[in-house]
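Following: one structure in structure tokens, then a few remarks.
The values are calculated or read from the model by the stated rules, or taken from the named source; none is laboratory data. Remember, predicted model here, so these are calculated numbers, not experimental data. Please note: Cβ atoms are built from the backbone with ideal geometry, for glycine as well, and neighbour counts cover all protein chains shown.
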Amino acid sequence: MTRSRPPADPGLDTVDVAIIRELQKDGRMPYGRLGGRVGLSEAAARRRVQRLLDRRLMQIAAVTDPVRLGAKAMAMVGVKSRGDARRTARAISAIPESIYVVATAGVYDLLAEIVCESHEHLLRVINEKIRAIDGVADAVVFVYLGTYKHVFTYPVS
């Protein structure tokens, strides 16, 4: 297997890319099998995976389905911020019900994904936690009615 670097990447070679692709299919794959699929020994595969983890280029995690685990209300919240949006983002990120917070350009300064046990719980989070944050000028809630695609397999090249 060639070890040349793909263009415009963070220092990944073709073996790193192959490792990531294999682990996206099965994050529990044993190192021996992983190594065999990407042309490395078990020990070399283990070292490569650890290097990718240490560099924070990937993480291996159990991905859950909040609805199947009992969440009855999920929403994306568009937040308009007064002042430093980064400070507001940190405050929203500290809310346990927030699972995804990003800064954006456009109508909203931030988008926050919220997972709650009920619609009443969602209402409390929006009113008592998000809108109560100093720096939140407006919060528009988009309640999820259905999820049609939710993947964590960002393609690497």
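May I ask you to list pairs of residues, at least six apart or on different chains, whose Cβ atoms are under 6 Å apart, with the first in segment 101-114 being within 12 Å of Val140 (Cβ to Cβ) and the second being part of a loop (DSSP other than H, G, I, E, B) and of a type in the set (Ser, Thr, Tyr)? Listed pairs, sorted by first residue: Leu111/Thr104.
The rows are residues; the columns are (1) under 30 Å from Tyr148 (Cβ atoms); (2) in contact (Cβ under 8 Å) with a residue 12 or more places away in the chain.
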position	(1), (2)
Ile20	yes, yes
Met29	yes, no
Arg33	no, no
Arg37	no, yes
Arg47	no, no
Arg56	yes, no
Ile60	yes, yes
Arg68	yes, no
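Taking the numbered list (1) closer than 17 Å to Ala132 by Cβ; (2) touching a strand residue (DSSP E or B) at 6+ places or on another chain (Cβ under 8 Å) in turn, Pro96 passes all entries but (2). One residue alone among Gly11, Gly32, Gly78 is under 30 Å from Ala103 (Cβ atoms) and modelled with pLDDT of 95 or more, and that residue is Gly78.
Restricting Val156, Val141, Val115, Val125 to residues that are surrounded by 13 or more Cβ atoms within 10 Å (Cβ to Cβ), touching a helix residue (DSSP H, G or I) at 6+ places or on another chain (Cβ under 8 Å) and not in a loop (DSSP other than H, G, I, E, B) narrows the list to Val141.
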